[in-house]
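J.: A single structure is presented below for examination.
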Amino acid sequence: MDDSNLGAYLTNSVENIVKTAIHAVLKNPKESAFMARYAVCSREASLKRAKAAKNGENIPLVLIASITSACNLRCTGCYSRQIHSCSDNAQCDQLTAEEWRRVFTDARELGVSFIILAGGEPMLRADVIEAAGEIPEILFPVITNGTLLNDKYIQLFDKKRNILPVLSIEGHETSTDSRRDAGIYAKLTDTIELFKENGIIFGASVTVTTENIREVTDSGFIDSLSGNGCKIIFYVEFVSMDNYDAHLALGNTERKYLEKKITEIRAARPDTLFISFPGDEAAFGGCLAAGRGFFHINSHGGAEPCPFSPYSDINVKDTSLRNALRSPLFYKLREGNLPADDHTGGCVLMAKKSEVEVIWGASQK
């Protein structure tokens, strides 16, 4: 799929997602009102992207923003810690709230529709999340471990409906606690109850491994989420960073099973949105990194192809978001068609790390 067809496909997909989301929240007046307004903003953003495409400029649909490197948990197999982009405390020289605000406003002007706030643990940066709440034209899913949510955040989520908390959960209690720590599942269930009491729509992010794949696609697990107000579930394939946990990464058999199950789940549950990553990328002609469909800004401001490919040749501290998207690294990766290249599944840029490093080195000359 070439970039022009990809842009049209993404635009249509966004409109369908918004329509699905509006249907999913009809019983929630505040959420329905927000989604109706956001539908208009989404359409305007898609027109901006289409106009840019006619001028030969590629504007992706999604920005992933890692707003802090600090995290209060040490989850088993965490890729961020293994690539040293995450630690117990925030590393030096992180972007300020004002610098993130500029990134968000730049994104709005360019036509970016979704900014995923990640970390580290993003709830450690209330200042940045509050800044995101001031830009209602963009939907901000916040990927959180759910342990730091308090009344202040509940009030913020209620007032600023463009901020969507997305809880990281690995299945039922045993599966979640074995990866995240004892007692985490109980905290998540308390948080979900708090969302339910306050009419807060939320999402879930599930890391799918060979050990939990059947559990997290089972109707009982999905009911435990959707029955309490969860309206979007991300299934993210586990990416192994070393041989120690390679057995947790899905193989071809498991990927086929996951694809089949998600197709069945979507047909049976139209009131909830299910997104599979990277499984759904096949419909877009391969990996969407490096600005084909999304890109990543790390906590220091470096523009990277994706969180799993931590290479950067440009920083938003020094330039605009538009110029960051013109990164020589991004251009060379797309020109060489590396993100859309054939691979066995999982993260293509991780699988082709050596090739990415050669291109990264050349882009800095």
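J.: Cross-link list K30/K231; K160/K231; K332/K352; K261/K352: which exceed 19 angstrom alpha carbon to alpha carbon?
T.: Values: K30/K231 15 Å; K160/K231 17 Å; K332/K352 14 Å; K261/K352 28 Å.
The pairs that break the limit, which is 19 Å between Cα atoms, are K261/K352.
J.: How much of the accessible area of the chain, in percent, comes from carbon and sulfur atoms when a 1.4 Å probe is used?
T.: Values: 8340 of 16010 Å².
Carbon plus sulfur share of accessible area: 52 percent.
J.: From the Cα gyration tensor of segment 172-232, with a ≥ b ≥ c the square roots of its eigenvalues, which class applies: rounded if a/c is under 1.5, or else prolate if a/b is larger than b/c, or else oblate? Show your work: numbers first, answer last.
T.: Working: a/c = 2.34, a/b = 1.39, b/c = 1.69.
Oblate is the answer for segment 172-232, as a/c is 1.5 or above yet b/c matches or exceeds a/b.
J.: So, for the chain, what is the accessible surface per residue at a probe of 1.4 Å, expressed in square angstrom?
T.: 44 Å²
J.: Mind checking the full-extension length gain between E130 and V40? Use 0.36 nm per residue of separation minus the Cα-Cα distance, one decimal, nm. Intermediate results must be reported in sequence, preceding the final value.
T.: Values: separation 90, 0.36 × 90 = 32.40 nm, distance 2.26 nm.
Result: 30.1 nm gained on full extension.
J.: Where both residues lie in the chain, what percent of DSSP beta bridges are antiparallel, nearest 5? Let's see the in-between values first.
T.: Working: 4 of 36 bridges.
Expressed as a percentage, antiparallel bridges in the chain total about 10.
J.: Also: Please compute the contact order of segment 51-93 in relative form: average sequence separation of alpha-carbon pairs under 8 Å and at least six residues apart, divided by the residue count, as a percent.
T.: In percent, rounded to a whole number, it is 37.
J.: What shape does segment 175-304 have by the C-alpha gyration tensor, where a ≥ b ≥ c are the square roots of the eigenvalues, rounded means a/c under 1.5, and otherwise prolate means a/b greater than b/c and oblate the rest? Don't jump to the answer; show the numbers that get you there.
T.: Working: a/c = 1.32, a/b = 1.28, b/c = 1.04.
Rounded, because the longest to shortest axis ratio a/c is under 1.5.
J.: If you don't mind, there's one more thing I want to ask. Could you order peptides 86-93, 147-154, 176-183 by the average number of other Cβ atoms within 10 Å of their residues, highest first? Provide the component values of the computation, followed by the final result.
T.: Working: 86-93: 14.0, 147-154: 15.9, 176-183: 17.9.
Descending packing order for the listed peptides: 176-183, 147-154, 86-93.
J.: On to the next question. Hey, quick one: spin label on K48, modelled 7 Å out along Cα-Cβ, who in segment 273-315 has an amide N within reach, i.e. under 19 Å?
T.: Residues passing the 19 Å test: 291-297.
J.: What length, rounded to one decimal in nm, is gained on full extension from Q155 through to A362, with 0.36 nm per residue of separation minus their alpha-carbon distance? Mind showing how you got there, number by number?
T.: Numbers: separation 207, 0.36 × 207 = 74.52 nm, distance 4.80 nm.
Extra length from Q155 to A362 when fully extended: 69.7 nm.
J.: With P(r) over Cα pairs in 20 Å bins from 0, in percent in mind, check (1) 29, 57, 14, 0; (2) 26, 49, 16, 6, 2, 0; (3) 30, 64, 6 and report the label derived from this structure.
T.: (3)
J.: Just add up the charged neighbours of K317: K/R +1, D/E -1, any other residue whose Cβ is under 12 Å from the Cβ of K317. Show your work: numbers first, answer last.
T.: Numbers: positive: R102; negative: D93, E98, E99, D318.
That sum, taken over residues with Cβ under 12 Å, equals -3.
J.: Let me ask something additional. With a point put 7 Å past each Cα toward its Cβ, work out how far T253 is from T189 in nm, to one decimal.
T.: Using points 7 Å along Cα→Cβ, the separation is 3.3 nm.
J.: By how many nm would the segment from N315 to R214 lengthen if fully extended, with 0.36 nm per residue of separation less the alpha-carbon distance? Show your work: numbers first, answer last.
T.: On the way: separation 101, 0.36 × 101 = 36.36 nm, distance 4.10 nm.
Extra length available between N315 and R214 comes to 32.3 nm.
J.: Alpha carbon centre of segment 98-143 versus segment 221-257: separation in Å?
T.: Centre-to-centre distance over Cα atoms comes out at 25 Å.
J.: Further, regarding this structure: Can you give me the long-range amide H partners of G301? Hydrogens built in the peptide plane at 1.01 Å from N, cutoff under 5 Å, separation of 5 or more residues or another chain.
T.: Result for G301 returns L95.
The values are calculated or read from the model by the stated rules, or taken from the named source; none is laboratory data. Predicted model, so just to flag it, every value in this text is computed and none were measured. Ideal geometry is used to build each Cβ from the backbone, glycine not excepted, and the neighbour counts take in all protein chains shown. Just the protein is used for accessible areas: all its heavy atoms, side chains included, with ligands, DNA and RNA removed. Shrake-Rupley method; radii C 1.70, N 1.55, O 1.52, S 1.80 Å.
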